[in-house]
Amino acid sequence: TRHPPILSPMSTTRRDAPDPTVPAADLLAAAGAFFPDAASVAAVEGHEALLRVEGADGAGSWKIRRWPEETTEGRVAFVHDVLARAREDGVTAPSVAALPATDGTGTILVIDGRRYDAQGWLPGRPALPPPAYTLPGVTDHVPAVLPEETVAEAARAIAHLHRATFALAGQRGAPAATLAGLIPAVRRAWAMRRERLRPVAPRRPEVQRWLAIGERVLPAAQAALEASPVTGYPPRGVLHLGLWPAHLLLPPRPRAEAKAGAGAGADQVSGPLGLIGWEGAAAGSPLLDLAQLVVRCRGWSAGAAELAIAAYGEIWPLAPEERRLLPAVAALDLVASAGLVLDLAFGPGGDGAPPSRLRGAATSLVNSLEVVAGVVAQGDRPIKLGRRWEYGPRRGPAPTRPGGGARRPARSDRAPSGPNRGSDRPGPRKGGGRRSGG
């Protein structure tokens, strides 16, 4: 079985966007097959493989997709099965339309060897703030610092997904994205981006930092994964594997709020959060989805990691050894995703200065990589006080030292940026008080 790439966005490069007003002929043909009486069809700006269709007589809005050339029918059918199971467990995910010519039994159309399907167009607005959402060719692959409640709601959604697809993940032939496979995937992405970005490194401090940090953190993260029993665990569910802010849909704002404009709390989740961008779904460790959610939708910190773990654990708890491995998985994802955005911003093929939002996105990812690199370097070496991101939900029992004795969580929300830094080491006592490190 040919497994899909673990980090599919790593192959993305800057490209010229097609004319956003002219639908491609093959997509029009697919739309006609799925919805012969469609009220309207329109291209989707920035997405050359998508078409939006408004069904007739209240049939709703739909998205016609042209799948990549190498995609098999079994792969598309697997994604459709994942979507159905996710919806049954309460995840706001797209529905799948059937072809009228198949009496409602067929959901995949083949034209000239390419696969097409029709998925429901979910209501809501992308969590990725404009103007980043309209960057030509890279609309989906830009990080953002989303509100805590949005990140927590997304963590609960992916926990429902993993729980709903646990049995499906264990089936023979299911596409897999393993932690063991993450290491070579990231190293390939690292080697490719390094070759492309080295010529611009002397004049781009962000690239210099990415190169230097990557050289340090890759061996440490690889050693952590190879030493952990979690790397050999069987899949615990089907993963989304595309958790960028553009793939999180916030509920539509109430009409009165939309008329008044964005105000305090306008981007907080007030209803079900939708998930789109399911093309890379594969069975694997929940750490892959959690790492993507934290580093791409909030930025790495002890507080962000604990927030996601706690919300996820309300639905589908993690084992302690899984929680301890999250920084190493996040570091690997950041090496690859930061390299992607740096290449889009500064690499060959760009025409002129990159958009400021893209430059800022690259910088934020490199900053997160620098912070989590310190956590990975610290590893499991003992320190005076534990790091709070190790523990998961605060309401759970505190971990114990070998031989007994509970270890108290650290008070600081900052992740260390180096060995024993930012770990809330106790300072000299004065008047019975305690000084926080940092």
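Among residues of the stretch 186-237 being open to solvent by 80 Å² or more (accessible area, probe 1.4 Å) and within 20 Å of the chain's Cα centre (by Cα), the one that is nearest to LEU287 (Cα to Cα) is ARG187. Has the stretch 247-259 got at least one residue that is at pLDDT 95 or above, open to solvent by less than 10 Å² (accessible area, probe 1.4 Å) and farther than 28 Å from GLN378 by Cα? Yes; the residues of the stretch 247-259 include at least one that is at pLDDT 95 or above, open to solvent by less than 10 Å² (accessible area, probe 1.4 Å) and farther than 28 Å from GLN378 by Cα. For the stretch 24-47, the set of residues classified as crowded, with 17+ Cβ neighbours inside 10 Å, modelled with pLDDT of 90 or more and in a strand (DSSP E or B) consists of VAL41, ALA43, listed by residue number. Only residues that are closer than 19 Å to TRP316 by Cα and of a type in the set (D, E, K, R) were counted across the stretch 149-194, and they come to 4. Could you go through the stretch 170-180 and let me know if any residue there is touching a residue at least 40 places away in the same chain (Cβ under 8 Å), in a helix (DSSP H, G or I) and surrounded by fewer than 16 Cβ atoms within 10 Å (Cβ to Cβ). Yes, the stretch 170-180 has at least one match. In the set (1) of a type outside the set (Val, Ile, Thr); (2) closer than 18 Å to ALA144 by Cα; (3) modelled with pLDDT under 95, the condition left unmet by LEU275 is number (3). How many residues are within 19 Å of LEU293 (Cβ to Cβ) and surrounded by fewer than 22 Cβ atoms within 10 Å (Cβ to Cβ) if we restrict to the stretch 356-365? Number of matching residues: 1. So which of ARG381, ARG387 is under 28 Å from THR178 (Cβ atoms), at pLDDT below 95 and open to solvent by less than 30 Å² (accessible area, probe 1.4 Å)? Going through ARG381, ARG387 in turn, just one is under 28 Å from THR178 (Cβ atoms), at pLDDT below 95 and open to solvent by less than 30 Å² (accessible area, probe 1.4 Å): ARG387. In the stretch 100-109, the count of residues that are under 28 Å from PRO175 (Cβ atoms) and under 23 Å from the mean Cα position of the chain (by Cα) is zero. Residues in the stretch 83-102 that are aliphatic (A, V, I, L, M) and either closer than 18 Å to ILE64 by Cα or open to solvent by 40 Å² or more (accessible area, probe 1.4 Å) (or both): LEU83, ALA84, ALA93, VAL96, ALA97, ALA98, LEU99, ALA101. Out of curiosity, is ILE315 among the β-branched types (Val, Ile, Thr) and in contact with a Gly (Cβ under 9 Å, 6 or more places away or on another chain)? So ILE315 does not fit the description; no.
The values are calculated or read from the model by the stated rules, or taken from the named source; none is laboratory data. What you are looking at is a predicted structure, and each value in this text was computed from that prediction instead of being measured. Methodologically, a virtual Cβ is constructed for each residue, glycine included, from the backbone with ideal geometry; neighbour enumeration extends over all protein chains shown. Please note that ligands, DNA and RNA were not included when accessible areas were found on the heavy atoms of the full protein model with its side chains. Shrake-Rupley method; radii C 1.70, N 1.55, O 1.52, S 1.80 Å.
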